[in-house]
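Novice: One structure is given below, represented as structure tokens, and several questions about it will come after.
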Amino acid sequence: MRRISTRSLMPGMITAEDIFSYSNSLILSKGTVLTDKAITKLEVYSIFNIRIEDERAEVPVEDEPQPDTSYAERLKQTPEFQNFAAGFHKETETFKNTINNALDDITNLDVDQLVENSIALLSSDGQHINVFDMLHNMRQLDDSTYVHCMNVGLICNIFANWLHMEEEDVKTATLCGLLHDIGKLKMPEDILKKPGKLTNKEFKVIKTHPKEGYNLLLNSPVNEHVKNAALMHHERCDGSGYPLHLSAIQIDPFAKMVAIADVYDAMTSARVYRGPLCPFKVIEAFENEGFQKYDAQYILTFLGNIVNTYMLHRVRLNNGQEGEIVYINPDKLSKPTIKIGSQYVSLFNEPNLSIEAII
């Protein structure tokens, strides 16, 4: 028996204990053979690590993730993607240097420049609806805190526009995303990057990063929403989050946005055993596990806009059939209607069918 981080879990591993949420709701039972879907469920609940058995089991074939290579390869050949990727890597390095230089004296943090640089990435693309495609196909296993914060900052910017926020609030949301995990820079590097077993003591240290982030930003030139986003982005509306176990009305609205963007970015990142999850798998995970944990207005707006960016895209189903998305079901966003040849298949009426990949 050993304890390993959720990021290092692989299908076939077996849970060595019952796994509960922070509000003591059972998530997975002892002896569960982990699948990709089960691992994703742990991420939705912000479970950092679990105990697993030393032996492993076979995973059913239908649970093995299917690569989404053709779509990704086509996108990566476009000048649009190549320009975005080059700009993203450049700005991430600038962001890293800016944050590191400000750690000694946070009052020198150039807030306006941080926001301006990230927004420039989006405006150079010209169409917000493509940015999720861009980020989805830039995932690397070595996903540093800086890259993750850049991703969440960009997602929060788009999210705020979907919510029709005023320009200043859009900038605030962007900054909340950029700085939400700044507390991780105060975590010991050997713990933060540890690929395997974490001790209980190390686990408790990692869970202090929201408070560390808040303390770091206390004397910085940012508003209270940004400070609260650093402190509250792991809080959940049902009170199951941490570090303060706040409920919906107590959580800063910008922190609620960051919480969704943060988990979305984590779930769509690559893992050791597969590439990034198909967006429809992520949407399904949110629908199955997230409506009690995230603000209803925010999660519905977020998921509804993401799924609409994939209208008329070709997809592959888990039974191998391919078709085109022609209708988004508002009652179950992860189950649209697919045109396959001359037939129309409503996934809402086919519980055993799901979208495996965008092709």
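The values are calculated or read from the model by the stated rules, or taken from the named source; none is laboratory data. Keep in mind the model is a prediction, meaning the values are calculated, not measured. Cβ placement follows ideal geometry from the backbone for every residue including glycine, while neighbour counts extend to all protein chains displayed. These accessible areas exclude ligands, DNA and RNA; they are computed on the full protein's heavy atoms, side chains included. Shrake-Rupley method; radii C 1.70, N 1.55, O 1.52, S 1.80 Å.
Novice: Please go through the stretch 235-250 and pick out each residue that is in a loop (DSSP other than H, G, I, E, B) and surrounded by fewer than 22 Cβ atoms within 10 Å (Cβ to Cβ).
Specialist: Of everything in the stretch 235-250, those that are in a loop (DSSP other than H, G, I, E, B) and surrounded by fewer than 22 Cβ atoms within 10 Å (Cβ to Cβ) turn out to be 238, 239, 240, 242, 243, 244, 245, 246, 247.
Novice: Of all residues in the stretch 261-287, which are modelled with pLDDT under 85 and either part of a strand (DSSP E or B) or open to solvent by 20 Å² or more (accessible area, probe 1.4 Å) (or both)?
Specialist: Matches in the stretch 261-287: 266, 271, 272, 273, 274, 275, 276.
Novice: Considering (1) within 26 Å of residue 295 (Cβ to Cβ); (2) assigned to a loop (DSSP other than H, G, I, E, B); (3) of a type outside the set (Phe, Trp, Tyr), say which one residue 219 fails and leave the rest.
Specialist: Just one mismatch for residue 219, condition (1).
Novice: Now, a different point. Condition (residue is in a loop (DSSP other than H, G, I, E, B), within 21 Å of residue 241 (Cβ to Cβ), touching a Phe, Trp or Tyr at 6+ places or on another chain (Cβ under 7 Å) and modelled with pLDDT of 80 or more) applied to the stretch 201-212: is it met by at least one residue?
Specialist: Taking every residue of the stretch 201-212 in turn, at least one turns out to be in a loop (DSSP other than H, G, I, E, B), within 21 Å of residue 241 (Cβ to Cβ), touching a Phe, Trp or Tyr at 6+ places or on another chain (Cβ under 7 Å) and modelled with pLDDT of 80 or more.
Novice: Restricting the search to the stretch 7-24, which residues are within 22 Å of the chain's Cα centre (by Cα) and either part of a loop (DSSP other than H, G, I, E, B) or at pLDDT 90 or above (or both)?
Specialist: 9, 10, 11, 21, 22, 23
Novice: In the stretch 310-343, what count of residues is obtained for those that are acidic (Asp, Glu) and either open to solvent by less than 50 Å² (accessible area, probe 1.4 Å) or closer than 25 Å to residue 289 by Cβ (or both)? Give the derivation first.
Specialist: Taking the stretch 310-343 and keeping what is acidic (Asp, Glu), we get 322, 324, 331.
Those left that are additionally either open to solvent by less than 50 Å² (accessible area, probe 1.4 Å) or closer than 25 Å to residue 289 by Cβ (or both): 331.
Count: 1.
Novice: Another one. Among the residues of the stretch 45-76, how many are open to solvent by 60 Å² or more (accessible area, probe 1.4 Å) and modelled with pLDDT under 65?
Specialist: So the answer is 6.
Novice: Of (1) modelled with pLDDT of 85 or more; (2) open to solvent by 20 Å² or more (accessible area, probe 1.4 Å), residue 194 satisfies all except one. Which?
Specialist: Only one criterion is unmet by residue 194, namely (1).
Novice: Sticking with this structure for a sec: Sort out which residues of the stretch 24-44 are open to solvent by 50 Å² or more (accessible area, probe 1.4 Å) and not basic (Lys, Arg), and write them in order of number.
Specialist: The answer is 24, 25, 26, 29, 33.
Novice: Could I ask something else about it? Quick check on this structure: which one of 253, 243, 210 is under 25 Å from residue 304 (Cβ atoms) and free of Cβ contacts under 8 Å to residues at least 60 places away in the same chain?
Specialist: 253
Novice: Which of the following residues is at negative phi, crowded, with 21+ Cβ neighbours inside 10 Å and at pLDDT below 85: 136, 180?
Specialist: None of the other options fit; the residue is 136.
Novice: What about residue 156, is it closer than 30 Å to residue 312 by Cα, in contact with a His (Cβ under 9 Å, 6 or more places away or on another chain), at pLDDT 90 or above and in a helix (DSSP H, G or I)?
Specialist: yes
Novice: Being open to solvent by 40 Å² or more (accessible area, probe 1.4 Å) and outside any helix (DSSP H, G or I) is the filter here, so list the residues in the stretch 78-110 that pass it.
Specialist: Once the filter is applied, which keeps residues that are open to solvent by 40 Å² or more (accessible area, probe 1.4 Å) and outside any helix (DSSP H, G or I), the stretch 78-110 yields 78, 104, 105, 110.
Novice: Inside the stretch 197-228, can you point out the residues that are open to solvent by less than 30 Å² (accessible area, probe 1.4 Å) and either touching a His at 6+ places or on another chain (Cβ under 9 Å) or among the aliphatic types (A, V, I, L, M) (or both)?
Specialist: Once the filter is applied, which keeps residues that are open to solvent by less than 30 Å² (accessible area, probe 1.4 Å) and either touching a His at 6+ places or on another chain (Cβ under 9 Å) or among the aliphatic types (A, V, I, L, M) (or both), the stretch 197-228 yields 198, 206, 209, 210, 213, 216, 217, 222, 226.
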